[in-house]
Amino acid sequence: MSDLTSVDNSAHDHHDHKPTGWRRWAYSTNHKDIGTMYIFLAMIAGLLGMAASMAIRAELALPEIQFITDSQFYNVLVTAHGFLMVFFVVMPALIGGFGNWFIPLMVGAPDMAFPRMNNISFWLLAAALVLLVLSGFVQGGAGTGWTAYPPLSNADYHPGPAVDFAILSLHLAGASSILGAINFITTILNMRTPGMSFHKMPLFIWASLVTAFLLLLALPVLAGALTMLLTDRNFGTTFFEASGGGDPIFWQHLFWFFGHPEVYIMILPAFGIVSEVVSTFSKKPIFGYLGMAYAMAGIGVVGFVVWAHHMFTVGFNVETRAYFVLATMVIAVPTGIKIFSWLATMWGGSIEFKTPMLYAMGFIFLFVVGGVTGITLANAGVDMAFHDTYFVIAHFHYVLSIATIFGIFCGVFYWLPKMCGNMYNETLGKWQFWITFIGVNILFFPQHFLGMAGMPRRIPDYPDAYAGWNLISSFGALISLVGALMFIYIVWVTIRSGERAPANPWGEGATTLEWTVDSPAPFHTHEQAPELEPKSATQPAE
Amino acid sequence: MFDFFRLKASTLSLGLCFWLGFSSNSVVAQNGPQPWQMNFRPAATPVMEDIVSFHNLLLIIEVLIVLFVLGLMVYIVIKFNAKANPVPTKTTHNSFLEVMWTVIPIVILVVIAVPSMKLLYFMDKAPKDKVEMTLKVIGHQWYWSYEYPDAGNLAFDSNLIPDEEIDVSKGQIRLLEVDNRVAIPVDTTIRVIMTSDDVLHNWAIPAFGIKMDTVPGRINEAWIRVPAEKAGVYRGQCSELCGVNHGYMPIVIDAMPKQEFAKWLERAKKEFASNARQVDLAQTKITIDTMVD
């Protein structure tokens with residue numbers, strides 16, 4: 001088999017031969033094409049998820065019911081927004097998209113380790129997206145929230161197949177991610193170009209490796225929990241039902257044992273991208289490379305033992321809460337190392353503030369803002385005041401909707417020249433950054449106030465006193481919408497008619513291997529393992 | 001229809017007060033949320049008072065961290081842009097700095113952890129010998145029911161007053177008004193035990209620092225002690241997604257002086273006499289309903 005493939009490849013070696021038409025995409029085993037499809041899928045899902053959030057903000061702009069007269073539909077929107085953004089926007093863009101595109105390019109491999117498995121990973125996710133969208137249209141939809149807590153998500157309170165569709169959708173998405181993770185781990189462990197030891201890997205590769213391990217360990221737990229929920233719903237088991245000896249809290253343990261690593265799965269690749277971008281535009285190697293790499297590994301490990309901080313109000317005894325408070329706060333230490341190492345990388349640099357760099361700096365600052373409210377919430381005592389209020393919404397949108405999405409935008413602006421061969425328009429890019437920056441802050445900052453005043457999450461109507469900040473928040477959503485549409489426009493224009501980009505448009509700071517191949521990256525790259533010069537390939541570990 | 005702008009002028013200053021932390025009870029007779037509020041509702045129990053003061057500590061630390069990072073970034077933008085600094089340094093290490101930015105955060109976390117643990121253990125449960133009264137809370141889709149085991153199993157349901165029946169002139173607040181308020185005496189240590197009849201709900205009273213899931217098959221516990229000078233009406237909303245009408249099951253508590261509470265009990269016992277053996281009645285009702293079906 002491997003012999004055949006290599007013969008096949010060598011026949012096409014030098015003229016960039018590729019399949020044409022729909023076969024090129026449907027049957028693709030090429031990491032770049034599959035990466036492109038992931039990014040495209042993320043954009044479609046992003047539009048759907050954004051439509052849901054715009055409907056939510058429009059409903060909440062004023063008190064009383066505006067246009068969502070069916071509260072179940074409101075809950076379905078909230079649920080769909082969460083599922084879409086987590087499983088079908090952030091993960092496909094950062095892991096499936098940038099991971100596929102740039103892991104082989106950056107480690108000097110010709111493709112992923114298992115190209116055919118890469119294909120099934122993508123198509124499982126596409127099927128999952130279809131199932132999830134369908135779940136919104138069958139018998140009332142799934143109005144369980146993305147956490148799908150039973151009993152609300154069991155057959156008594158959500159009869160009909162909507163929740164089953166959502167469960168199966170997550171099953172497929174999970175299988176897709178597990179296969180992808182296996183592919184990433186194998187590629188990174190085995191296919192690095194000679195001389196690229198672990199301590200010479202670019203930080204994006206480190207981030208992807210840690211992320212892949214988190215996926216591999218966390219998603220099977222979700223799959224198990226989903227299967228139990230499925231049998232509870234359809235075959236009369238009672239894993240999560242007190243009346244049959246089960247326990248609804250059991251679900252929350254399983255869900256968050258997956259769910260908390262999941263938040264690091266979403267943020268770590270963004271850490272990696274930001275590290276590359278900060279180093280490139282400061283024209284300096286990463287400061288404290290080893291600390292940066294092991295901080296990510298540390299975050300990954302500790303991320304597995306803090307899950308119950310999402311469950312401080314379920315009625316744990318006090319010792320359990322005390323442990324989870326202390327364990328959670330530990331994460332602030334490696335996170336602090338990352339923040340300060342980024343700042344130290346910039347310190348003494350010769351920084352060019354191109355759009356990717358603006359996004360990287362925006363990421364760092366707003367991640368700090370979202371991070372400190374995380375410290376607040378980690379303390380079970382004050383969490384009694386904040387749990388399930390808009391303060392929590394503000395917190396996790398600062399780290400996810402703002403920081404992670406900034407990470408995605410950062411990556412797109414940084415790598416778009418490599419992916420499509422054209423440069424984006426710098427002026428438009430900067431405008432897009434500032435519009436988005438202002439929009440998301442107006443959108444999410446007032447939600448801290450709403451949360452402190454006690455406004456609960458997931459309600460379609462609120463007491464009139466909350467009107468002021470909600471209107472401002474909805475206004476911010478409109479500005480953010482302009483930013484998002486402008487982003488799509490810039491990407492479109494760049495692909496259609498941007499200026500041709502050189503192999504390395506960023507100059508001396510861009511030292512990783514993807515900048516040594518042409519722009520756009522040819523269909524086949526690194527057919528021979530690239531030379532790794534000690535200084536040029538990555539940050540020296542010294 | 002709701003008039004947004006009417007809110008604005010009279011209440012902006014109020015919001016400002018909250019923002020600056022000058023929350024005073026005189027402004028907030030009804031203890032609900034206030035327009036443009038940017039801070040906690042005024043604390044009505046020792047637990048919430050401790051939450052507020054601990055949060056003040058956190059807020060100061062966090063604002064300082066954010067300002068510190070922002071300051072560094074501004075300095076970097078001014079000093080190390082390509083024009084001001086054309087030749088980048090090649091520094092990639094500084095052991096002293098790296099140790100400092102590991103150790104200082106640890107110290108800060110310890111400073112946070114000590115009061116955090118104190119608060120956590122204080123709020124957990126009322127000391128057993130001090131409990132003077134028990135209140136049972138049961139969550140339903142979508143209303144709360146309350147029982148007073150110390151008062152001959154007095155029991156009643158508490159339903160939302162729908163928008164069209166809200167009388168603003170009586171000081172009623174839309175979405176935060178119920179037909180039967182829960183009365184509690186002030187200056188009394190009350191143990192609240194909670195469970196649910198169907199899905200998860202969450203019984204949350206911001207001013208009391210209470211937010212506890214009600215879980216079918218389990219009993220959760222919290223405690224309240226409202227000092228005499230804080231008698232008044234306190235409001236909260238269900239805080240765990242519980243289905244279609246999750247946003248429509250508020251909690252309204254009337255904390256009243258002890259004598260008033262005694263009178264209220266007498267009245268309530270008569271009014272809700274038919275509910276006294278609620279459990280049996282509920283089961284009977286189910287049987288009848290099933291038969292009718």
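The values are calculated or read from the model by the stated rules, or taken from the named source; none is laboratory data. What you see is a predicted model; the values in this text were computed from it and never measured. All Cβ positions, glycine included, derive from the backbone under ideal geometry; neighbour counts span all protein chains shown. The accessibility values were calculated without ligands, DNA or RNA, using every heavy atom of the protein model including side chains. Shrake-Rupley method; radii C 1.70, N 1.55, O 1.52, S 1.80 Å.
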Flag for residue A:348 being within 7 Å of another protein chain (Cβ to nearest Cβ), open to solvent by less than 20 Å² (accessible area, probe 1.4 Å), free of Cβ contacts under 8 Å to residues at least 24 places away in the same chain and among the small types (Gly, Ala, Ser): no
Out of (1) within 13 Å of another protein chain (Cβ to nearest Cβ); (2) part of a loop (DSSP other than H, G, I, E, B), the one residue B:187 does not meet is (1)
Evaluate the stretch B:54-70: report whether one residue or more is open to solvent by less than 70 Å² (accessible area, probe 1.4 Å), on the phi < 0 side of the Ramachandran plot and touching a Phe, Trp or Tyr at 6+ places or on another chain (Cβ under 6 Å). no
Those residues of the stretch A:375-397 which are open to solvent by less than 20 Å² (accessible area, probe 1.4 Å), without any contact (Cβ under 8 Å) to a residue 60 or more places away in the chain and facing chain B (nearest Cβ under 10 Å) amount to A:376, A:379, A:381, A:382
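Return the only residue of B:72, B:58 being within 26 Å of residue A:340 (Cβ to Cβ) and either more than 10 Å from every other protein chain (Cβ to nearest Cβ) or under 24 Å from the mean Cα position of the chain (by Cα) (or both). Reasoning before the result, please.
On the way: B:72 fails: either more than 10 Å from every other protein chain (Cβ to nearest Cβ) or under 24 Å from the mean Cα position of the chain (by Cα) (or both).
Of the residues listed, the single one that is within 26 Å of residue A:340 (Cβ to Cβ) and either more than 10 Å from every other protein chain (Cβ to nearest Cβ) or under 24 Å from the mean Cα position of the chain (by Cα) (or both) is B:58.
Here is a check on your reading of the model: is residue B:80 of a type in the set (Phe, Trp, Tyr) and either open to solvent by 70 Å² or more (accessible area, probe 1.4 Å) or in the same structural domain as residue B:252 (by TED's automatic domain parsing) (or both)? Steps first, answer last, please.
Working: of a type in the set (Phe, Trp, Tyr): yes; either open to solvent by 70 Å² or more (accessible area, probe 1.4 Å) or in the same structural domain as residue B:252 (by TED's automatic domain parsing) (or both): no.
Answer is no for this residue.
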Hits in the stretch A:504-521 (condition: surrounded by 16 or more Cβ atoms within 10 Å (Cβ to Cβ) and part of a loop (DSSP other than H, G, I, E, B)): A:504, A:505, A:506, A:510, A:511, A:512, A:517, A:519, A:520, A:521
How many residues are under 27 Å from residue A:60 (Cα atoms), at the interface with another protein chain (Cβ under 9 Å from one of its Cβ atoms) and among the aromatic types (Phe, Trp, Tyr) if we restrict to the stretch A:357-374? 0
For residues that are more than 8 Å from chain A (Cβ to nearest Cβ) and of a type in the set (A, V, I, L, M), tally how many sit in the stretch B:109-125. 3
If we scan the stretch B:134-148, do we find a residue that is touching an Asp or Glu at 6+ places or on another chain (Cβ under 8 Å), touching a residue at least 40 places away in the same chain (Cβ under 8 Å), open to solvent by 10 Å² or more (accessible area, probe 1.4 Å) and among the basic types (Lys, Arg)? yes
